[in-house]
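What follows is one structure encoded as structure tokens, with my remarks underneath.
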Amino acid sequence: MLSYTIRRILMAIPTLWVALTMIFILVRVIPGDPTTAVMGDYVTEKSMAVLKQQMGLDRPILEQYGLYLFNFVRGDFGNSLITGLPVIKELKNALPHTLELTFFGLLLGTVTGIPLGILLALKRNTFWDYAGRFLSLAGLSFPSFYIAVLLILFFSMKMDLLPVMGVGNAGNFWDRMHHLILPSLTLGLLMMSYLTRMTRSTMLDVLGSDYIRTAHAKGLKKIKVILKHALKNASVSIVTVLGIYAGILIGSSVMTEIIFNRPGLGSLIVGSMLNRDYITITSIMTVYAAIVILINLLTDLSYGLIDPRIRYE
Amino acid sequence: MNSDTRKKIVRTFVQNKAALVGLALSLIVVLTCLAAPYLPLPDPVNQTLSKRFKSPSLEHPLGTDNFGRDVLSRVIWGGRVSMVVGVLSVLIAMGLGTIIGLITGYKGGYIDNLTMRVVDVLMCFPTLILGILFMAALGSGMTSLIIAIGISIAPRFARLCRGAVMTVRQNDFVEAARSMGMSDTRIMFRHILPNVLGDVIVMGALWVGAIIITEASLSFIGLGVPPPTPSWGRMVREGLDFMGHAYWVSVYSGGAIFVTVIGFNLFGDGLRDILDPKLRR
């Protein structure tokens, strides 16, 4: 397992490098001079040149690229063009909010979606199966921000139970959790829909195999066949899907953060997009890429845990 | 495709009730949006401040918004933006992805390796984030919206198409075409493309819904089609500010997104079930 883990970690490094290179290129492609964005259209040549020098934009492109990679490794993302503060500071403030939200959304979706998917597979072609399939497809057809709107309307405005805005008092754990319920419910419902569908179809594949029939035939208890024989073999596919959708969920968290006014990465990237703060945009993209690559790495590692054959390939 | 297979496909489709409902829903939405100029609707843009925040009534079935504009009319007109963006973006993604997938899947070698590494990395980013970035690069407006979403999704089509091409490439008829001295371009477009097009079209149908959601999300953030042109995402956003006393603006425009997307999703799902017998259960 150790050599497998090391191999996978080493394989993630080139991916991260390609991601960094692409972010560098994409942000350079964006038209509009960053300096004009900071100083407005009415700016003298001289002050623009000074700013360009400060930002390192007057150097050869390859040198800029090298510096960008070097600074990334050092964990230095530069200063925000708008606030002038180090971007790393803003990231440190924003990241926990996004991770917290995504984690609880993922958790909620997993603990509901996987059992539901198994149930639907067992009740195949009954009323419950059709209803469950329709509801999970409906869940996928809701834009995340619309789920949020409906939740706010019901739980905050009609019932007056849960807060709409913000993240709550940082020092008070229960207040923070209270503010987290609706946003994570938004993401959780999406995740549940994805997982229910995928678990159902994977379980159906596995339940049709010969060894399941054998297990039934030798008189094992139904619950044991389902959990030990079927679910264990379906879990590689389920984990794959979990990894893919965790990435998608981070995208949906952008919308959720904006609606619930949570100061996470999503709010930060949209704010810097509207202000044309290129340095912050680059850094946030980098963080997103790093998170998704990390998720892929964890998915790969859990394959090794679930299915020992994979370790030796 | 001979007429027998075609008949069989049509029959399977008709038997799939969910797919039929999806087709009907999508058709109703598309036709209503297309017919918008001919329907007896109030102007979607004109403001009548005396009629602000009227709740749903016979005159205004879905109520009016903060400028006294009819919400039903704005929902129908706003749908035109979503339809155009949804369909054209999918076509761009399909076109771009298919060409990349054809070339990399057929040629293999280092072109394939390099392109797929880039595709993998692009697929790392959430579609919405990529969309935001491309919108910033291209500036606002409908054309940039279509191109931004199309490019963001193209890598997924490239991946799918490459995989399909690599399977088709193994067939004897490709070898035969090559031994007859056909050019690579001719083999790719005349012999391989028709065999992978089915997969690509199914994926396209499955993505229309997701793209409509992406477009709505971008216009919700404020990166969509600029006002006063109505669009669903922005209407939900605008309605959010006065949810307390006029819930209908957000709820009905968001509902329009939901109905449209579920229509396309049911249809796409049905299409996949028909063309992929392995999944037909």
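For the reader, a short list of remarks on this structure follows.
- Over chain A: helical MRE at 222 nm, DSSP H runs n ≥ 4 each giving -39500 (n - 2.57), nearest 500: -25000 deg cm²/dmol
- Segment A:160-313: Rg to Rh, with Rh as the Kirkwood radius over Cα pairs: 1.11
- Nearest-ten-degree value, helix A:61-74 long axis tilted from longest Cα axis of chain A: 60
- Considering only alpha-carbon pairs that sit under 8 angstrom and 6 or more positions apart, the relative contact order computed for chain A is 29 percent.
- Solution diffusion estimate, µm²/s, Stokes-Einstein, chain A, Kirkwood Rh from C-alpha pairs, 25 °C, viscosity 0.890 mPa s: 109
- All-pairs alpha carbon distance profile, segment A:90-222, 10 Å steps from 0, percent: 12, 31, 28, 17, 9, 3, 0
- Between residue A:83 and residue A:25, the contour length at 0.36 nm per residue exceeds the alpha carbon distance by 18.5 nm.
- With loop membership from DSSP and a limit of 14 other Cβ atoms within 10 Å, the longest segment of chain A without chymotrypsin sites (Phe, Trp or Tyr not before Pro) is A:43-311.
- Where the Cα pairs of segment B:173-281 fall when distances are cut into 5 Å bins, in %: 2, 11, 14, 13, 11, 10, 10, 9, 7, 5, 4, 2, 1, 1, 0
- Residues A:45, A:257, B:175, arranged from fewest to most other Cβ atoms within 10 angstrom of their Cβ, appear as A:45, B:175, A:257.
- Distance between the modelled labels on residue B:117 and residue A:309, one decimal in nanometres: 3.0 nm (7 Å Cα→Cβ projection).
- Each 5 Å bin from 0 upward holds the following percent of the Cα-Cα pairs of segment B:131-214: 3, 13, 19, 17, 13, 12, 10, 7, 5, 2, 0.
- Entries of A:222/B:17; A:123/A:158; A:123/A:222 with Cα pairs more than 24 Å apart: A:222/B:17; A:123/A:158
- Paramagnetic reach from residue A:290 (point 7 Å along Cα→Cβ, amide N under 17 Å) across segment A:266-284: A:266, A:268-269, A:279-284
- A Förster radius of 25 Å combined with the Cβ-Cβ distance from residue B:20 to residue A:126 puts the calculated FRET efficiency at roughly 0.75.
- Label zone at residue B:55, where the point sits 7 Å out along the Cα-to-Cβ direction: segment B:248-265 residues whose backbone N lies under 11 Å: B:248
- For the Cα trace of chain B, dividing Rg by the Kirkwood Rh returns an Rg/Rh value of 1.06.
- Crossing angle, helix B:193-221 versus chain B [Cα axis fit, 0-90 degrees, rounded to tens]: 30
- Per-pair calculated FRET efficiency, R0 = 22 Å: residue A:173 and residue A:103 via Cβ, rounded to 0.05: 0.90
- With Cα atoms, 0 to 90° folded angle of helix A:45-55 axis to chain A main axis: 40
- Hull volume in cubic angstrom per residue (convex hull over the Cα atoms of the protein assembly as shown): 214
- Considering only A:109, A:166, A:84, the mean-square fluctuation computed in a Gaussian network model of chain A, springs between alpha carbons under 10 angstrom, is largest for A:84.
- Whole-number percent relative contact order across chain B, with pairs defined as alpha carbons under 8 Å at least 6 apart: 27
- Which of A:284, A:248 has the fewest Cβ neighbours within 10 Å, and the rest in rising order: A:248, A:284
Laboratory data are not the source of any read-out in this text; all were calculated from the coordinates shown. Source: prediction; values computed, not measured. Neighbour counts run over all protein chains shown; Cβ positions are idealised from the backbone, glycine included.
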